[in-house]
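Reviewing the structure listed below.
The values are calculated or read from the model by the stated rules, or taken from the named source; none is laboratory data. On a predicted model such as this, the values are computed, not experimentally measured, just so you know. Note: ideal-geometry Cβ built from the backbone for every residue, glycine included; neighbour counts use all protein chains shown. Ligands, DNA and RNA are stripped out before the accessible areas are found, and what is left, the full protein with its side chains, is counted by its heavy atoms. Shrake-Rupley method; radii C 1.70, N 1.55, O 1.52, S 1.80 Å.
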Amino acid sequence: MPGLVSIKTPPETPALRISVSDENHGRNGPGSSRSEQVNPKTNSPAPRRPPSPSTSRAKPSPDRSSGKKKSPPEKVEIDESSLDNPDLGPFLLKLARDTIASGEGPNKALDYALRAAKSFERCAVDGEPSLDLAMSLHVVAAIYCSLVRFDEAIPVLETAIKVPEVSRGADHALAAFSGYMQLGDTYSMLGQLDRSIESYKEGLKTQMEALGDTDPRVAETFRYLAEAHVQAMQFDEAESLCKKTLEIHRVHSPPASLEEAADRRLMALICEAKGDYELALEHLVLANMAMIANGQETEVATIDVGIGNIYLSLSRFDEAVFSYQKALTVFKSSKGDNHPSVASVYVRLADLYYKTGKLRESRSYCENALRIYAKPVPGTTPEDIASGLMEISAIYELFNEPEEALKLLLKAMKLLEDKPGQQSTIAGIEARMGVMFYMVRRYEEARSSFENAVTKLRASGERKSAFFGVVLNQMGLSSVQLFKIDEAAELFEEAREILEQECGHCHQDTLGVYSNLAATYDAIGRVDDAIEILEYVLKLREEKLGTANPDFNDEKKRLAELLKEAGRSRNKNPKSLENLIDPNSKRTTKKETSSKKWSAFGFRS
């Protein structure tokens, strides 16, 4: 996480971080970066092909310490009554820091830190906010996170944020900024991306009030927040923030700087997600040139993989193969033949060769990658392996081997299930498993997988994303196969509302939900509603999408059957769907539902 600040802080002030011991007890300086406190590996919440373009946004790494371990501090018995001594708080905070550095264990460090906070609170002058108290609370929260007790860290950080008064100067602004960003990280670890983003926004607001909106350190926070929006699949917001970051770095950094390269890699990821492959390619090429100018050979190879991905999306297969092979050569020479980076390129080549019809080569590369993931080299993270297994499972799905694909997804999910901050990724895995269970007609398991995914996505703040709408639609289809028609109708209604908002009325996913909802209404006796939905869909196709689509004739035939059954003719001016679906509608009785026959038309995935 980026740092606030160009403010001078007393050098004797203790550090906020707890992962390493600091002999000089210097707090993160005004120009420091909070990325010192986190693991520089970005974990994407959902399965994503391209690597993260920036390492600035990373999950907190609670249990890691660096450097040589110190000998554990001697156990100190402290009388509670002595907490009123103003010298005790700094002493206890140092004990907490030394305990963490020695590797003795976070529980004892937590006890020291809690007592330090209590001492600072008791010794605070009435009416005067204590920055020492805020700092000690940050340390307490960090230790809670290291113990995977995130729910306990949140109220501590909320208290810490209230301590400083930004109007009192730069040091108070730094304390408030640090609190908001640490709170955002903690929410992110819980998978609550919406709350995480709100906390980051408050931190950014505080930072901009202290430094203005063109300071290079503000640019780092812009990028950090942009990456959070990418994780939440809010690409328009991410693009806006990333553009601001690029503008600031153009002014304050030399041409082809590492900062600009990181910005362009993130912008490329956003453009690719939005389907603008040409612009994504332009950003990656410029980032590549910057990395070459700075002698970053391994980073150049990583960007080459991203360039290969774009060429693959543009069906420029020869250029994609060249980019992948170039990256593969560098990874093998710098990291070894069995490194996960090598496996990741194998997976990309497997995907490419499948798309070009070379199935034997595709399968061979899949098997090579699986061999590497089966015996990972030291330092390989579970997230790296899980990501690779998910991509390989997608290729086996294309091979029409759903059972093998399911096995790989289950392995990936087991690797991630105990990892904090992976709820969205696990939800994505469960949604894919649900689709495959549905394909092999295991509808109960499909519905269960979709239900688990929906629960996690609701908790993580993604309940308004297009992906969430698609998962609701798939869960509705599973409910239909299990004859849970009322439940299916509710799911289709919610999916319709989300997809209309996120994709628009004419998007194929939205039209598919309309069709499913019409079929469901027909099944439960709401024939008039089913007719009106189909009339609306046909009008959309006739006026905006054209009648050449094969679905047009199918839907026209379905509508004719319903109209014939109802003894009506087609209404050429159907009313809007805006107020069509009334959740409190009482037009359908149980008797009508039970006596209604299934409609002749089916459902759409």
Could you state the accessible area per residue of the range 193-338 in Å², with a 1.4 Å probe and every protein chain left in place?
42 Å²
K326 - accessible surface, heavy atoms, 1.4 Å probe, Å² rounded to 10:
90 Å²
In nanometres, the difference between 0.36 nm per residue of separation and the alpha-carbon distance of D111 and V125 is 2.7 nm
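For Q508 and E165, what is the calculated FRET efficiency with R₀ set at 45 Å and r taken between the beta-carbons, to the nearest 0.05?
Working: r = 53 Å, r/R0 = 1.18.
E(calc), rounded to 0.05, equals 0.25.
In the range 227-266, carbon and sulfur make up what percent of the accessible area (probe 1.4 Å)?
Values: 890 of 1700 Å².
Of the solvent-accessible surface of the range 227-266, carbon and sulfur hold 53 percent.
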Rank by packing, highest mean first: peptides 472-483, 334-345, with packing defined as the count of other Cβ atoms within 10 Å averaged across residues.
472-483, 334-345
For K358 and E198, calculate 0.36 nm times their separation in residues minus their Cα-Cα distance, and state this gained length in nm to one decimal.
52.9 nm
Heavy atoms of the protein only, probe of 1.4 Å, neighbouring chains included. What is the accessible area of M390 in Å², nearest 10?
10 Å²
Each label sits 7 Å from Cα toward the beta-carbon; between T298 and E319 the label points are separated, in nm, by 2.9 nm
Which one of A495, T455, A523 is farthest out on the positive end of the charge dipole of the range 419-552, using unit charges on Cβ (Lys, Arg +1; Asp, Glu -1) and the Cα centre as origin?
T455
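How high is the relative contact order of the range 276-351, in percent, with contacts defined as C-alpha pairs under 8 Å that are six or more residues apart?
Relative contact order here is 25 percent.
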Descending accessible area (1.4 Å probe), largest on the left, turns D126, D276 into D126, D276
XL table K332/K355; K274/K355; K205/K464; K274/K484; K244/K456; Cα-Cα > 30 Å flagged, in table order, is K274/K484; K244/K456
Need one value: the accessible area of V166 in square angstrom, 1.4 angstrom probe, rounded to the nearest 10.
60 Å²
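L540 to A374: FRET efficiency via 1/(1 + (r/R0)^6), r the Cβ-Cβ distance, R0 56 Å, to the nearest 0.05? Numbers along the way, then the final one.
Values: r = 50 Å, r/R0 = 0.89.
After rounding to 0.05, the efficiency reads 0.65.
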Surrounding net charge for L279, when Lys and Arg each add one and Asp and Glu each subtract one, Cβ distance under 15 Å:
-3
At a 1.4 Å probe radius, carbon and sulfur cover how many percent of the accessible area of the range 339-475?
51 percent
Which value, in Å², gives the accessible area per residue of the range 421-545 when a 1.4 Å probe is used on the protein heavy atoms?
35 Å²
Which whole-Hz couplings ³J(HN,Hα) result when phi for each residue of the range 473-484 is put into the Karplus expression 6.51 cos²θ - 1.76 cosθ + 1.60, θ = phi - 60°, listed in order with x for Gly and Pro?
4, 5, 5, x, 5, 5, 5, 4, 5, 9, 6, 9
Given q = 0.17 Å⁻¹, what are the Debye log10 I(q)/I(0) values for the range 371-486, with equal point scatterers placed on the Cα positions and solvent ignored?
-0.83
How would K375, K244 rank on accessible area, largest to smallest, probe 1.4 Å?
K375, K244
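Classify the range 133-206: rounded, prolate or oblate, from the alpha-carbon gyration tensor (a ≥ b ≥ c, eigenvalue square roots; a/c under 1.5 rounded; otherwise prolate if a/b is larger than b/c)?
Numbers: a/c = 2.69, a/b = 1.36, b/c = 1.99.
It comes out oblate by the Cα gyration axes.
Gain in length, E209 to R149, computed as 0.36 nm per residue apart minus the alpha-carbon separation, to one decimal in nm? Walk me through the numbers on the way to the answer.
Values: separation 60, 0.36 × 60 = 21.60 nm, distance 3.22 nm.
Here the segment from E209 to R149 would lengthen by 18.4 nm.
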Placing +1 at every Lys and Arg Cβ and -1 at every Asp and Glu Cβ, with all other atoms neutral, what dipole size does the range 156-246 have around its Cα centre, in debye to the nearest 20?
100 debye
